[in-house]
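Have a look at the structure below, then the notes.
The values are calculated or read from the model by the stated rules, or taken from the named source; none is laboratory data. It should be emphasised that the depicted structure is a prediction, and the values quoted were computed from it without experimental measurement. Every residue, glycine as well, gets a Cβ built from its backbone with ideal geometry; the counts of neighbours run over all protein chains shown.
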Amino acid sequence: MQLGKIPRIRLGEYPTPLAELTNLTRRLGGPRLFMKREDLVGIALGGNKVRKLEYALAEALAQRATAIVTSGAVQSNHVRLTIACANRLGLKTYAVLRGERPSAPTGNLLLDHILGAAEIHWVDPKAFSTREELVQATEARAQELAEELRRRGERPYVIPNGCNPLHSALAYAGCVLELLEQMRALNLAPDGIVTACGTAGTQTGLILGSLLFAQGQIRVVGVSVSARAEVLRERIRRNLEEALRFLGLDLPIPEEAIEVHDGYVGPGYAVPTPEMKRAVELLARTEGILLDPVYTGKAMAGLLDLLEKGVLKGMENVVFLHTGGVPALFADTQAPAFYPGPA
């Protein structure tokens, strides 16, 4: 099946910009660095979830949904963008957030209120010993909420945290095609794409796009922001196999095509690190581009370290995927990393 035949509702502004990071390239002494600005997709401060939601919400409308149920962390970019995109389509959004309810909303949570989430439900993290248990409990609560909404007469459509893996794969395969066209206009081709890897859907799609549109010649490098590399690699392989089956393709998935580095997570998901802080400040002070502390800041820290260690040796043109998330800079849990207070 061709990508263009799969139902999709266009919600973003495309193509998203491709910026050359000339100052950073000069400072590092190469390779030639570019940034694909998914943060500038044109709705609710942007982010990589918009492309994925275009497939999810098309399916929701096909099922005549009246409400969307989704889940995420307190500072979830996914939840923010789900509410915004659903608003465009006249759908209500019910959110389940894992974490403690703050006394006052900041960052993404403040935007959730401004955008008008129909309801926000909370799952207390103190009841769970691991992040994995908390995530599973949050997803289970979202399913329970969907049942409650059915009893209220709604027709809910549930979007998991980070979106359905198939929708993510289709969305970011399409992004690779878009990127190739932008690079071709410059008489260039990307040797590598570096991306943050959380739920792994974006990286899955980038690898799929490389296989479909570049003969697998684009090296896709994931930088984990939470899970161990082996867990993410297995998840990506399963997601790729599902996407290829859906498209009716019998393509081999080379082992080396699934590359994830997990040395930049630090103490845990969304916990600031000195390397993240340096990366965010470096981009801000060389290119005037803001990264976020949870995803792109840690991914850029990974890119800088991998370049220094020679792991990306041989690449001439490297594209960093800016997956958005900048509102997290204004969260009360993140701001102290950059401004601890007067000396």
For the subset of segment 121-170 comprising residues that are of a type in the set (A, V, I, L, M, F, W, C) and under 17 Å from Thr66 (Cα atoms), which member is surrounded by the most Cβ atoms within 10 Å (Cβ to Cβ)? Ile159
Of the numbered conditions (1) part of a loop (DSSP other than H, G, I, E, B); (2) over 23 Å from Leu170 (Cα atoms), Ala19 satisfies every one except a single condition; which is it? (1)
If we keep only residues of segment 112-132 that are assigned to a helix (DSSP H, G or I) and at pLDDT 95 or above, then the residue nearest to the chain's Cα centre (by Cα) is Asp112
Residue check, Asp292 part of a loop (DSSP other than H, G, I, E, B), at pLDDT below 95, at negative phi and assigned by TED's automatic domain parsing to the domain that holds Gly12: no
So which of Gly216, Gly222 is without any contact (Cβ under 8 Å) to a residue 60 or more places away in the chain, small (Gly, Ala, Ser) and in a strand (DSSP E or B)? Gly222
If I go through segment 49-92 residue by residue, how many of them are at positive phi and of a type in the set (Asp, Glu)? 0
Look through segment 1-16, keep the residues that are at pLDDT below 95 and part of a loop (DSSP other than H, G, I, E, B), and return whichever of them is surrounded by the most Cβ atoms within 10 Å (Cβ to Cβ). Met1
Out of Val311, Val271, report the one residue that is under 21 Å from Ser210 (Cα atoms) and surrounded by fewer than 24 Cβ atoms within 10 Å (Cβ to Cβ). Val311
Is it the case, given these coordinates, that Val319 is β-branched (Val, Ile, Thr), in a loop (DSSP other than H, G, I, E, B) and touching a residue at least 60 places away in the same chain (Cβ under 8 Å)? no
